[in-house]
Amino acid sequence: MALSRAVTLGLRAAHGGARASQKLQSGSNCLLQRCTSPYNQVFRNSGSLQNVPSPGGAAYGIFVGVATLGGLIYVYRTLHRDKTRYSERLSAIKTIKENIEKQENPGSTVESKEVASDKQEKQKEEVPPPAALPSHVPFLLIGGGTASFAAARSIRARDPGAKVLIVSDELDPPYMRPPLSKELWFSDDPDVTETLRFKQWNGKERSIFFQPSSFYVAPEELMSTEHGGVSVLTGKKVVHLDVRENKVRLDDGTHISYEKCLIGTGGTPRNLPAIERASEEVKQRTTLFRRVSDFRSLERLSSTVGSITIIGGGFLGSELACALGKRAQQTKLEVVQMFPEGGNMGKVLPEYLSHWTTEKVKREGVNVISDAVVKSVTYKNGKLHITLKDGRQVETDHIVAAVGLEPNTELAKSAGLELDGDFGGYRVNAELQARNNVWVAGDAACFYDIKLGRRRVEHHDHAVVSGRLAGENMTGAAKPYWHQSMFWSDLGPEVGYEAIGIVDSALPTVGVFAKATEKDTPKRAAEESGTGIRSESDDQGVIQPGNDSPAVTPSIPAPAQQGDAYGKGVVFYLRDNVVVGIVLWNIFNRMPIARKIIKDGEQHADLNEVAKLFNIHEE
């Protein structure tokens, strides 16, 4: 369009030049007639000028037109180049603007790889990286349970400036497990699953956590803290232990070196083979009770489902049965407990006492099914169908498997640590040491008992005491582990027992019982002593019996007739006529006496006389 306009202007200019020439010819003998130009001479020789256009005027017109046309073409090209550069500049500016908008609103358009890369680099520059974890710590404790916390406290007691890092695969800081199957279920607090606070049998309130979060130092700040402290790295798991390089690797690839290391990994709840073989629908409706998350889940289920079946008749299964039975008395929940033994605690208590305990659990509103071996579990029509080997079937909404604990020993392979083939767990020496600079405490430790032989114990008190001793030895104490740990179980606030040593119902037993009084309950004992969690976590001397004991009344040797005869008493477990285990039934705060009897390792002609040491006949 612009070029055609330029040509038009040039032609107009040529036409205008021709007209100007004609005007010059018609006026006063135009100067062209006087011209002596060779052009004029040629034209004269060829004929008259009147019929021939003036060549000078035509040439001038053409010259002006071509010059104008050339100028216009030059202007056009210049303007076109400027316009092209202007358009390119506008396009570049528009592209930059769109890229900026895309970075500010990444979801509005699809970004190019270059823009996305620039955005990522910009984000890396603007967002500060997370604080780095320490690459080296003096004391590294693997596992966030009771044993690790006890070790940390012991290390800090001997070395106030020590820096301790606990690595835990749980999301919570160290806490006590016993209340998860005991006191928490008897709380009146509707928010107990969130607060995790409970009233002890003595009425005092406390949290299941050993210390509040403010007690711990952030892991990133541990090594820079002037006076040391204890840090807990939660949600992380140690997957590799190099005992030669004194180094561990976490599941996220992080490496941490140490000077002293404790393995306090505890254990994992066992499952039933019938459930392991079952469908995903069955597994999704089964709880392997162990952690805070399991308590929260089961507590919520107890108010939403119609029935819960507990498989297992040991400590945990019986405690949960009584706890849920109490809940069932207030709701329409149906609670079933089944186990292969003849009665509750059948592997621990003598048969007569096991039957008594079973009747106690039934009175709590629990449907107890003994001699029950699970063959298969299926899910259909919205229910779990449990089939026993003898053909009996049970329908339920949810299953709680409480059939024991498997020690966590995954680190043995990478570390080259020895495992015990009979009892499981890491084999350790008398000082709880597995290798140079590596100790083991709690459920995962298989230690040698100088009185009872090699053992592995899965109880709170053992975790406390073994963790404490391991912590001392990690700071150079070099003490042997001779402590006889105790354990306890409560079937609600009215019936409970404490035990020590080897308590196996397969051993010969002698029981001495007396009539119970109102104060012979876990609740009253806790109220009088002021203690809550019954543990030998503090050093206690042996209580020597006084000479002012009340008069002895006739004792009731077991077995005896089923009834109220088992109000309170002592059960001795014998091996080669030597007491190797003791159960204190509704007798409390007498554990130091039981410990001394086992430590002495003497044969006793009359265990009725030994029972008098526990003052079981006092009113």
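Observations
- 3J(HN,Hα) from dihedral phi, the range 417-422, Karplus parametrisation 6.51/-1.76/1.60, rounded to Hz, x for glycine, proline: 8, 7, 9, 8, x, 8
- Put simply, the amide H of Leu405, placed in the peptide plane, has neighbours under 5 Å in Arg270, leaving out anything fewer than 5 places away on its chain.
- For the range 216-230, 3J(HN,Hα) per residue [Karplus equation, 6.51 cos²θ - 1.76 cosθ + 1.60, θ = phi - 60°, Hz, x = Gly/Pro]: 8, 8, 4, x, 5, 9, 4, 6, 9, 6, 4, 9, x, x, 10
- In this simple spin-label approximation, Glu281 and Glu259 carry label points 7 Å from Cα along the Cα→Cβ vector, and these lie 5.9 nm apart.
- Pairwise centroid distance, computed over Cα atoms, of the range 382-418 with the range 574-589, Å: 30
- Built amide H within the under 5 Å cut-off of Ser376, gap 5+: Thr387
- Thr387 versus Asn437: modelled label distance in nm, points set 7 Å from Cα along the beta carbon direction: 5.6
- Gain upon complete extension [Asn589, Arg454; 0.36 nm per residue less C-alpha separation]: 45.9 nm
- When only the Cβ of Lys, Arg, Asp and Glu is charged (+1, +1, -1, -1), the dipole of the range 343-486 relative to its Cα centre reaches about 140 debye.
- Using the Karplus relation 6.51 cos²θ - 1.76 cosθ + 1.60 with θ = phi - 60°, the per-residue 3J(HN,Hα) values for the range 604-612 come to 10, 6, 9, 6, 5, 5, 5, 4, 5 Hz, with x marking Gly and Pro.
- Two-site label geometry, His227 and Val578: point separation in nm, points 7 Å out along Cα→Cβ: 4.9
- Dipole of the range 241-390 computed with +1 at Lys/Arg Cβ and -1 at Asp/Glu Cβ about the Cα centre; of Leu301, Ser318, Val282, farthest Cα towards the positive end is Leu301.
- Those residues of the range 421-453 whose amide nitrogen sits under 17 Å from the label point placed on Asp504, 7 Å along Cα→Cβ: 421-425, 446-453
- Here r is the Cβ-Cβ distance between Ala218 and Ser297 and R0 is 30 Å; the resulting FRET efficiency, rounded to 0.05, is 0.55.
- Highest-first arrangement of 587-598, 389-400, 438-449, where packing means the average Cβ count within 10 Å: 438-449, 587-598, 389-400
- 5 angstrom amide H check on Lys163, placed H, neighbours 5+ away: Phe139, Gly229
- Whether the range 370-518 is rounded, prolate or oblate, judged on the alpha carbon gyration tensor where a/c under 1.5 counts as rounded: oblate
- Put a plus charge on the Cβ of each Lys and Arg, a minus charge on the Cβ of each Asp and Glu, and nothing anywhere else: the dipole of the range 451-500 about its Cα centre is then about 460 debye.
- Sorted peptide list for 137-150, 352-365, criterion being average Cβ within 10 angstrom, highest first: 137-150, 352-365
- Between the range 438-478 and the range 136-199, the Cα center-to-center distance that results, in Å: 17
- Packing here is the average count of other Cβ atoms within 10 Å per residue, and on that basis the peptides 303-314, 234-245, 421-432, highest first, run 303-314, 421-432, 234-245.
Where a number appears in this text, it was derived from the coordinates with a stated rule and is not lab data. This structure is a prediction, so every number in the text was calculated from the model and none was measured. Note that each Cβ is placed from the backbone with ideal geometry, even for glycine, and that neighbours are counted across all protein chains shown.
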